[in-house]
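Values quoted throughout were computed directly from the atomic coordinates according to the rules given, and no laboratory measurement underlies them. The structure displayed is predicted, hence computed values, not measured ones. Glycine gets a Cβ as well: all are built from the backbone with ideal geometry, and neighbour counts include every protein chain shown.
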Amino acid sequence: MEFFFDSLASAFSLLASLDPELYFIIYVSLKVSLSSTLLASMVGIPAGFLISLNQFPGRRALITVLNSLMALPTVVVGLTVYAFISRRGPLGTLELLYTQTAMVIGQVILILPIVTSLTIAAVTRVDDLYRKTAMTLGAGTFQTWMAIFREARFGIVAAVIASFGRVIAEIGISMMLGGNAKGYTRTMTTAMALEYDKGEFVLSVALGLVLLLISLAVNAGLNRIQGSAGL
């Protein structure tokens, strides 16, 4: 128990000292996670609207697949993307492996089904009366979408926040595609794993505290959104 409290005190001291290595790791984690969340949202939200507001053959099967992919293991994504961007892969000439770009690609694939599925759920819950009223008043497709978006905005924002929470804490993709390179692709989760293997617990504990605070902030944001939506 004494060892734990000593490590915790040292971790707080490290955070207070504004250690450059520590804060660069936090910066890389936030940069990669926010970039992947933004890109996945730019694709997943419109896709969710298209799927939920249109009827087409295979729609139900597609929704089932998307819901299943929400639990996609990170190592599966990492292996799949690695096979494509490694030197012997079809995209090997782009030299993406062990870069932040590779990490973003993997994380986008991981959370795209989450953004899309939760957007579908949010839009589906909107009363069809809003769509019919907008069309009756002469609204075009985009205007109709915006009217529905205003009603589903809480659920959509919750989908984005939940997706960010998924990628900020993942380790498999970051390790396999980023390589945990110091000063370039090392994230909070990969650094924690490395320091633990080395028996250096202070940096791991400090990063764990930051990750915990981020997780608490994400959950607080979700709770606030759900409260505003009356969920």
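Can you sort S13, S33 from fewest to most other Cβ atoms within 10 Å of each residue's own Cβ? Don't skip to the answer; put the middle values down first.
On the way: S13 12, S33 26.
Ascending Cβ contact count within 10 Å gives the list S13, S33.
If each Cα of the chain is one equal point scatterer, what is log10 of I(q)/I(0) from the Debye formula at q = 0.14, 0.18 Å⁻¹?
Debye output, listed in q order: -0.94, -1.25.
Taking only Cα atoms, what is the 0 to 90° angle, nearest 10, from helix 74-85's long axis to the longest principal axis of the chain?
Relative to the chain, helix 74-85 is tipped by roughly 90 degrees.
Can you tell me the 0 to 90 degree angle between the C-alpha axis of helix 141-168 and the longest principal axis of the chain, rounded to 10?
20
Quick check on region 157-218: take the gyration tensor over C-alpha atoms, sort the square-rooted eigenvalues as a ≥ b ≥ c, and tell me if it's rounded (a/c under 1.5), prolate or oblate.
Working: a/c = 2.84, a/b = 1.46, b/c = 1.95.
Because a/c hits 1.5 or more and a/b fails to exceed b/c, region 157-218 counts as oblate.
Based on alpha-carbon atoms only, what is the radius of gyration of region 1-84 relative to the globular estimate 2.2 N^0.38 Å? Write down the numbers at each step before the final one.
Values: Rg = 20.9 Å, N = 84, 2.2 N^0.38 = 11.8 Å.
Dividing the Cα Rg of region 1-84 by 2.2 N^0.38 Å gives 1.76.
Find how many whole Å separate the alpha carbon centroid of region 152-231 from the alpha carbon centroid of region 1-78.
Cα centres, region 1-78 to region 152-231: 6 Å.
Hey, what number do you get for the chain at 222 nm if only DSSP H runs of n ≥ 4 count, each worth -39500 (n - 2.57), divided across all residues, to the nearest 500?
Values: 9 runs with 173 residues, N = 231.
After summing the helix terms and dividing by the residues of the chain, the value is -25500 deg cm²/dmol.
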